[in-house]
Amino acid sequence: MRHIKTVRVRGTVKDADGEPPPPLVMVVVSPLVGADLFNAQVRADGSFELDGVTPGKYSVRALGFLQQGKPLTVDQPLEVGEADIDGVQLILGRAQTVTGLVIMPPDRKHLSELVVVLHRKEQSGPQVDDQSGGFTQLNEKGTFSFENVLPGDYDLEIGGVGKGDDLYAATIRAGDQDILTSGLHIGGSAPPPIEVLKANGAKIECTVLDDKQKTVPEAHVTLLLDPPRRSQNALSKQCQTNVSGNCTLLGIAPGDYHVFAVARDDSVDFTDPATMEGLEKIGKAVTVAQGDRKSIQLDVVQKDDQE
């Protein structure tokens, strides 16, 4: 049996003022891939120690509460090799309120069907809390709010059903933060109000075919921006084909894209660079201008195409 070397991880947790944290703070180390958790209670002086940690990439999180019941937390990446790690520093931050405003095109009113979604970037592995964003609807004035958002890095997306689907987010900003490009960072203080500028988007009619040129019902179609803009998740689009093998992508921003079609019972990790390297030649390249109306045919991705 092959022996797997484990290491020890030591560090300290402090509050935003550099003082030891409140009582009953826990440190949890969870892998980006896998299900094994490592956890330890933080000592009164703020120090912690975890033994038996296997090499790999992790998210290390400290979580505690103020006397008023408000959560304090910090979440940061940790890469573990074959040597013990000392000196990990975690600075607790308070949960914040995130507010924003959606500005519609001049010819459109605010739509109650629109939903704002806030979720952690690269959220994977076991989760130790359920306060990592969420979703909310716009009110009649086009504003939205998320309470008790824990420190970390987030993506913000806006979608819905009905007429709102034909709009796209032209810009998403919070002060100097370009959320559309780099996401939203929540730190020790509340971010400035978010401003989302919506615009009328393009439309692509899609027909999905198999290797015998027959239409494929219930196929999943995904539209992704080409690099280097692929990380702008708010501009990706999806649809599912009907019994005739057709579906429509709405609310598309101007840009260069690839479109992929996957059969109902298959799944593809579009965030995996190795998988995407094999799929680029299968996807359909398409360039979209403001307000375009296009029709395309797509070959359904085969399992061999992902290898």
- Message: Exactly one condition in (1) surrounded by 16 or more Cβ atoms within 10 Å (Cβ to Cβ); (2) at pLDDT below 80 is false for GLN131; which is it?
- Response: (1)
- Query: Identify, please: which residue in region 193-248 is touching a helix residue (DSSP H, G or I) at 6+ places or on another chain (Cβ under 7 Å) and in a loop (DSSP other than H, G, I, E, B) and is, among those, surrounded by the most Cβ atoms within 10 Å (Cβ to Cβ)?
  - Reply: GLY201
- Query: Is region 151-168 home to any residue that is at pLDDT 90 or above and surrounded by fewer than 15 Cβ atoms within 10 Å (Cβ to Cβ)?
  - Reply: no
- Note on the structure: A careful count of residues in region 81-99 that are at negative phi and in a strand (DSSP E or B) gives 12
- Query: Going by the structure shown, is GLY245 out of contact with any strand residue (DSSP E or B) (no Cβ under 9 Å at 6 or more places or on another chain) and without any contact (Cβ under 8 Å) to a residue 60 or more places away in the chain?
  - Reply: no
- Task: Go through the residues of region 220-239 one by one and say whether even a single one is of a type in the set (Asp, Glu) and more than 18 Å from ALA289 (Cα to Cα).
- Result: no
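Residue-wise test of (1) assigned by TED's automatic domain parsing to the domain that holds PRO191; (2) touching a Cys at 6+ places or on another chain (Cβ under 8 Å); (3) at pLDDT 80 or above; (4) surrounded by fewer than 14 Cβ atoms within 10 Å (Cβ to Cβ).
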position	(1), (2), (3), (4)
ARG2	no, no, no, yes
VAL27	no, no, yes, no
LEU37	no, no, yes, yes
ALA40	no, no, yes, no
PHE48	no, no, yes, no
GLN76	no, no, yes, no
LEU101	yes, no, yes, no
ASP107	yes, no, yes, yes
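The values are calculated or read from the model by the stated rules, or taken from the named source; none is laboratory data. From a predicted model like this one, the values you see are computed outputs, not experimental measurements. Every residue, glycine among them, receives a Cβ derived from its backbone with ideal geometry; neighbour counts consider all protein chains shown.
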